[in-house]
Amino acid sequence: MKVRIGIIGATIERVPHSIRAFRHWLQNPGVVFVVSASIAFGIVLLDGTLFRIWSLDRDRDRLEQRIEQVKGAIVEKERQIKETGRAEFIERQARERLDLVREGDLVFVFSN
């Protein structure tokens, strides 16, 4: 919309209020930063990147728990390995797994 002012005949263009408000808004760096950050966050959210980051974090937590479980199992296996060299362990395994008896033991045999 153009308005004619004065005798000189100069014309100036009247800028609508909404455009003036927008230009004024662009002069405020804090507002521009907040809006830009909001748009960037929205793009990341809609892109699925934020979900992938959350999913990877959850997977990392699960893997850390699994690592702790495996470390515990390793400690137990190392204890068992150390025990295998003892004579009591070997005897117990022979009795339990191979059904062997020591000389002088009393053996019961049941018939079906």
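Out of all the residues in the range 43-51, is one or more modelled with pLDDT of 85 or more, of a type in the set (A, V, I, L, M), under 39 Å from the mean Cα position of the chain (by Cα) and surrounded by 10 or more Cβ atoms within 10 Å (Cβ to Cβ)?
Scanning the range 43-51 turns up no residue that is modelled with pLDDT of 85 or more, of a type in the set (A, V, I, L, M), under 39 Å from the mean Cα position of the chain (by Cα) and surrounded by 10 or more Cβ atoms within 10 Å (Cβ to Cβ).
What about A94, is it at pLDDT 85 or above, over 23 Å from the mean Cα position of the chain (by Cα) and aliphatic (A, V, I, L, M)?
Taking the combined requirement at face value, the residue does not satisfy it.
Kindly evaluate D57 against the criterion of being within 30 Å of V44 (Cβ to Cβ) and either in a loop (DSSP other than H, G, I, E, B) or under 29 Å from the mean Cα position of the chain (by Cα) (or both).
In short, yes.
I'd like the full set of residues that are more than 30 Å from D105 (Cα to Cα) and among the basic types (K, R), limited to the range 62-94.
R62, R66, K71, K77
Do you know which residues across the range 85-101 are surrounded by fewer than 10 Cβ atoms within 10 Å (Cβ to Cβ) and of a type outside the set (G, A, S)?
E88, E96, R97, L98, D99
The values are calculated or read from the model by the stated rules, or taken from the named source; none is laboratory data. None of the values given here were measured: they were computed from a predicted structure. Virtual Cβ from ideal backbone geometry, glycine too; neighbours counted across all protein chains shown.
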